[in-house]
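*Asks:* Below you'll find the structure I mean.
The values are calculated or read from the model by the stated rules, or taken from the named source; none is laboratory data. Source: prediction; values computed, not measured. Glycine also receives a Cβ, built like all others from the backbone with ideal geometry; neighbour counts cover every protein chain displayed.
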Amino acid sequence: MVTRISGLASGMDIDSMVKKLMTAESAPLDKLNQQKQLMEWKRENYRETSVKLVSFTQDKLSKLNLSSAISAQKANVTGNTSAVSAKVSSSASGVLDVKVTSLATASSATSSAAIELNGSAPAPTDWGTVKLQDIKDSGISGTTPITVKIGSGDSEASIEIDPVNETLDSFVQKINSNKQAGVSAIYDSATGKISLTSKTTGAKDIALNGAIFSALKLGSTITGGEDAKLTVNGLDITRSSNTFAMNGVELTLNNASGSTSTRIEVVKDTDKLVETVQGFVDAYNDVLSTLNNKVSEERYSKYTPLTNDQKKDMSDDEITLWTNKAKSGMLKNDSILQSAAADMRSAMVQKVTLDDGTTISLAELGITTGTYQTKGKLILDTDKLKAALDKDPDIVTNFFGKQDSAAAQSNKYTDQDGIFARMKKISNTALQKLADKAGTSKVSTDLSASFIISSTMGQELTSIDRRITDMTARLNMIETNYYKKFSSMETAINKYNSTSSSLSSFR
């Protein structure tokens, strides 16, 4: 390594001179670093756009396309509104006239008499602490665990009893925690009496197998459950539960109807459908605004990325203002974004063709595009949409939710695709192009997600990094050579001065 000298012999500021010489030599490296910075800024802008598109398709459109949103229905309940409650699904249809005769009840068993203890057992103050082995005729003794069973067949549950330590309280807890048993147990701490109740309703008996159940005065069976009895549109029906589905309508029986039946009519939920359409309009306008802003943002080409030397002569505020200008317009007139925005606008104004050949247009739902200055943003007239729904309750489902089954896997939409399918296909096409070019993720909404190195820009940046490394090494060599030359000059001057001083001494 060459020793850098201060220029004492020549009187020159060598460091300053080398620095000035290297400033000129470093100009190509500065331009390369600026090129890299611009490309990184552009790639970050692509990622921001990608995240917006992913959020639009995977979050907003997916939620709006749920049957509960796009095909929202509700139940109009009249008559005896307290006897029956109703919830409808997207597949629900028709009118139900329901008259409830009786509700479903659960089987149960309770201690028929006071529980007795063995003669040697002390009288309890809290029956929960009584050990099962102290209960008369419990069949529990010794130290070997005993198994009792509740139910039969596939629903049979086995419960293991600790013959030494099992208490009434711990036994009840084991019953309640055993999901297979399907019963709830409680006891009275004052009397020790116990109750077992089926967790489900309906006319069914539950077997109790074990001497302990007889000792607890429960017998060998849980009985007494009844099925619900009702009439629906004149048809006599029994059900084991008070909640069940008919024609896509979930009915909950609350009490007997008496003389007045309950009428349930399935209708479109207009308010929910309007909310869905407004949600789409807002989401569409948001993503379109992002695309439009990116491609139209002003580009200030004279504001290049600052070098470290340039930043030394500027304040923090000046650096921020300059950098904001330099970052502006990274995607000005970008072809990928322009194409996506144009395709979205075009897809919105094209009619949706139904299977029967009829068509639906944007205007029929009360949706219009704004002025030229709004660049395709949508405006919803909710009153017109409600009027359209009154005329055709399925218009929102068909216009937004329809999908061309023949082209379902393609990213090219057809006139038989609804608006949601079209937007997803256009967005997916743009996301693929962004991934290929910038290495952005097609599924992530993380603004800090890593870029794919194999993308076009990833490869270009890798190439620039190699050139920067090579150029930096070359500049270090040039700088070293400059110092070598000045060092040689200083050495020669020192020799000259030494010779001159020797000759002067002979005078």
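*Asks:* Considering only residues that are crowded, with 18+ Cβ neighbours inside 10 Å and among the small types (Gly, Ala, Ser), which ones fall in the range 196-208?
*Replies:* Ser198, Gly202
*Asks:* Could I ask something else about it? With acidic (Asp, Glu) and touching a residue at least 24 places away in the same chain (Cβ under 8 Å) as the only criterion, which of Asp470, Asp446 stands out?
*Replies:* Asp446
*Asks:* Given the conditions (1) at pLDDT 95 or above; (2) surrounded by 20 or more Cβ atoms within 10 Å (Cβ to Cβ); (3) not assigned by TED's automatic domain parsing to the domain that holds Ala245, which single one is not true for Leu96?
*Replies:* For Leu96, the failing item is (3).
*Asks:* Can you tell me which residue is surrounded by the most Cβ atoms within 10 Å (Cβ to Cβ) among those in the range 209-266 that are acidic (Asp, Glu) and within 42 Å of the chain's Cα centre (by Cα)?
*Replies:* Asp227
*Asks:* Quick one: which strands (runs of 3 or more DSSP E) sit completely within the range 209-279 and have at least 1 residues that are touching a helix residue (DSSP H, G or I) at 6+ places or on another chain (Cβ under 7 Å) and under 30 Å from Thr397 (Cβ atoms)? It would help to see each step written out before you state the result.
*Replies:* Details: elements: 228-232, 235-239, 243-246, 249-253, 262-268.
The qualifying strands (runs of 3 or more DSSP E) are 262-268.
*Asks:* While we're here: Would you mind telling me which numbered condition in (1) outside any strand (DSSP E or B); (2) closer than 30 Å to Glu265 by Cα Ala75 fails?
*Replies:* Failing condition for Ala75: (1).
*Asks:* OK, next. Only one of Ser85, Ser91, Ser62, Ser68 is within 37 Å of the chain's Cα centre (by Cα), in a strand (DSSP E or B) and either in the same structural domain as Phe420 (by TED's automatic domain parsing) or surrounded by fewer than 21 Cβ atoms within 10 Å (Cβ to Cβ) (or both); which? It would help to see each step written out before you state the result.
*Replies:* On the way: Ser91 fails: in a strand (DSSP E or B); Ser62 fails: in a strand (DSSP E or B); Ser68 fails: in a strand (DSSP E or B).
Answer to the selection: Ser85.
*Asks:* Give the range 267-283 a look and list any residue that's surrounded by 22 or more Cβ atoms within 10 Å (Cβ to Cβ) and either within 16 Å of Thr369 (Cα to Cα) or of a type outside the set (A, V, I, L, M, F, W, C) (or both), or say none. Quick ask: steps written out before the conclusion?
*Replies:* Taking the range 267-283 and keeping what is surrounded by 22 or more Cβ atoms within 10 Å (Cβ to Cβ), we get 273, 276-277, 280.
Answer for the range 267-283, where residues must be surrounded by 22 or more Cβ atoms within 10 Å (Cβ to Cβ) and either within 16 Å of Thr369 (Cα to Cα) or of a type outside the set (A, V, I, L, M, F, W, C) (or both): Thr276, Val277, Phe280.
*Asks:* While we're looking at this one, here's another question. Restricting attention to the range 124-140, does a residue exist that is part of a strand (DSSP E or B) and in contact (Cβ under 8 Å) with a residue 40 or more places away in the chain?
*Replies:* Restricting attention to the range 124-140, the residues satisfying the condition of being part of a strand (DSSP E or B) are 131, 135.
Adding the requirement that they be in contact (Cβ under 8 Å) with a residue 40 or more places away in the chain leaves 135.
Checked the range 124-140: at least one residue is part of a strand (DSSP E or B) and in contact (Cβ under 8 Å) with a residue 40 or more places away in the chain.
*Asks:* When the range 185-199 is examined, which residues are found to be out of contact with any helix residue (DSSP H, G or I) (no Cβ under 6 Å at 6 or more places or on another chain) and either at pLDDT 95 or above or within 15 Å of Lys217 (Cβ to Cβ) (or both)?
*Replies:* Ile186, Asp188, Thr191, Lys193, Ile194, Ser195, Leu196, Thr197, Ser198, Lys199 - these are the residues of the range 185-199 that are out of contact with any helix residue (DSSP H, G or I) (no Cβ under 6 Å at 6 or more places or on another chain) and either at pLDDT 95 or above or within 15 Å of Lys217 (Cβ to Cβ) (or both).
*Asks:* Oh, and also: Met477 fails exactly one of the following numbered conditions: (1) surrounded by 18 or more Cβ atoms within 10 Å (Cβ to Cβ); (2) over 23 Å from Leu38 (Cβ atoms). What is the number of that condition?
*Replies:* Answer for Met477: the failing condition is (1).
*Asks:* Taking the criterion of being assigned by TED's automatic domain parsing to the domain that holds Ser214, among the charged types (D, E, K, R), assigned to a helix (DSSP H, G or I) and more than 17 Å from Phe213 (Cβ to Cβ), would at least one residue in the range 158-171 satisfy it?
*Replies:* no
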